[in-house]
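What follows is a set of notes on a single structure, which appears directly below.
The values are calculated or read from the model by the stated rules, or taken from the named source; none is laboratory data. These numbers come from a predicted model, not from an experiment. Glycine gets a Cβ as well: all are built from the backbone with ideal geometry, and neighbour counts include every protein chain shown. Just so you know, the surface numbers come from the protein's heavy atoms only, side chains and all, with ligands and any DNA or RNA stripped out. Shrake-Rupley method; radii C 1.70, N 1.55, O 1.52, S 1.80 Å.
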Amino acid sequence: MRARYRVPLSLAAAGAAGLVYAAGFEARSFRLRRVTVPVLPSGMRPLRVLQVSDIHMVGGQRKKQRWLRSLAGLRPDFVINTGDNLSDPEGVPEALDALGPLMEFPGAYVFGSNDYYGPALRNPARYVVEKLQGRHGLNGNPPAKNVVHNPWEDLRDTFDAAGWLDLTNTRGTLKIEGVSVELTGLDDPHIKRDRYAEVAGGPSSSADFSMGVVHAPYLRVLDAFTADRYPLILAGHTHGGQLCIPFYGALVTNCDLDTDRVKGLSTHTAEGHTSYLHVSAGCGTNRYTPVRFACPPEATLLTLVGRE
């Protein structure tokens, strides 16, 4: 009788230990990813870009706040925030406190669905089922009903007051020590708020360097940016898969991007052109699934250098 239950009990114990590790340690094991990207015109000085994404701030996350504040010590040339700052309608003060030191630098932002709407309790297995069915966000699913609306306007107003550029379906330009950096952004494709037609046409001839910024890396957006010859695209949203299998990787991306490019630097090709794509795994989780496994939370310092 004892042998009959030995294996199930061992599996249950291993599962419980994995859950404790994923929630108690890895979800708070913040990392900095460093990436070098050869995208600048020849002769231009390197640019250091700090990308923060998917903070999903919940009240009381002091360690995350301290870590985000410490990133100001990197002294980046500018900061890009690729959205999903909130996972709690009451989390705005903590999110702004965490990002306060970073707002001393030039920067820009786009929002994600979790900035606009409060989180909902969801079975994580549904992400796998929806992937198999070809459904992602509102791109194939019915519109969300009875959702909680976050006070995202408070985020926007504070970012704007700090001088960060709002890239919601628009363009903006940062001046970095005499260098003109054009940023073209979109609202979140995950909830169909992207309007590429409003920013189409490719980089401006007057800019020294141009790049695309979006929260969710849906293929239609990546195709559009790449076809317009943007050399670099920054995105977030995927959480790097969040719950990954060691030595295998992510099971889902929560969009139509393939799992091979769920996080980090890769390339994207469309209409005969190729762009670099960097997808941040982000530094947070939905408040109802506060776990990460084989995918630690992160921010990224990208050093842009001259093309090879």
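Applying the selection to the range 229-247, what residues are in contact with a Leu (Cβ under 8 Å, 6 or more places away or on another chain), under 20 Å from Gly107 (Cα atoms) and assigned to a loop (DSSP other than H, G, I, E, B)?
none
In this structure, does Asp223 turn out to be among the charged types (D, E, K, R) and open to solvent by less than 50 Å² (accessible area, probe 1.4 Å)?
no
Among His239, His215, His278, which is at positive phi and buried (at least 23 other Cβ atoms within 10 Å of the Cβ)?
Result: His239 is the single residue among His239, His215, His278 that is at positive phi and buried (at least 23 other Cβ atoms within 10 Å of the Cβ).
Identify, by number, the condition in (1) among the β-branched types (Val, Ile, Thr); (2) open to solvent by less than 70 Å² (accessible area, probe 1.4 Å); (3) in a helix (DSSP H, G or I); (4) farther than 12 Å from Tyr109 by Cα that Val129 doesn't meet.
Of everything listed in (1) among the β-branched types (Val, Ile, Thr); (2) open to solvent by less than 70 Å² (accessible area, probe 1.4 Å); (3) in a helix (DSSP H, G or I); (4) farther than 12 Å from Tyr109 by Cα, Val129 misses just condition (2).
Pick from the range 276-303 the residues that are part of a strand (DSSP E or B) and out of contact with any Lys or Arg (no Cβ under 8 Å at 6 or more places or on another chain): which of them is nearest to Ala224 (Cα to Cα)?
Checking each candidate, the answer is Tyr276.
Between a first residue in the range 55-70 that is of a type in the set (Val, Ile, Thr) and a second residue that is assigned to a loop (DSSP other than H, G, I, E, B) and open to solvent by 60 Å² or more (accessible area, probe 1.4 Å), which pairs have beta carbons less than 6 Å apart while being 6 or more apart in sequence or on different chains?
Val58/Arg287
Would it be correct to say that Thr184 is within 19 Å of Ser275 (Cα to Cα) and out of contact with any helix residue (DSSP H, G or I) (no Cβ under 8 Å at 6 or more places or on another chain)?
no
Output the residues belonging to the range 71-88 that are at positive phi and either modelled with pLDDT under 95 or among the polar types (S, T, N, Q) (or both).
none
So which residues in the range 115-162 are free of Cβ contacts under 8 Å to residues at least 40 places away in the same chain and touching a Ser or Thr at 6+ places or on another chain (Cβ under 7 Å)?
Answer for the range 115-162, where residues must be free of Cβ contacts under 8 Å to residues at least 40 places away in the same chain and touching a Ser or Thr at 6+ places or on another chain (Cβ under 7 Å): there is none.
Would you point out which residue out of Thr253, Thr226 is assigned to a helix (DSSP H, G or I), modelled with pLDDT of 95 or more and of a type in the set (Ser, Thr, Tyr)?
After ruling out the rest, the residue left standing is Thr226.
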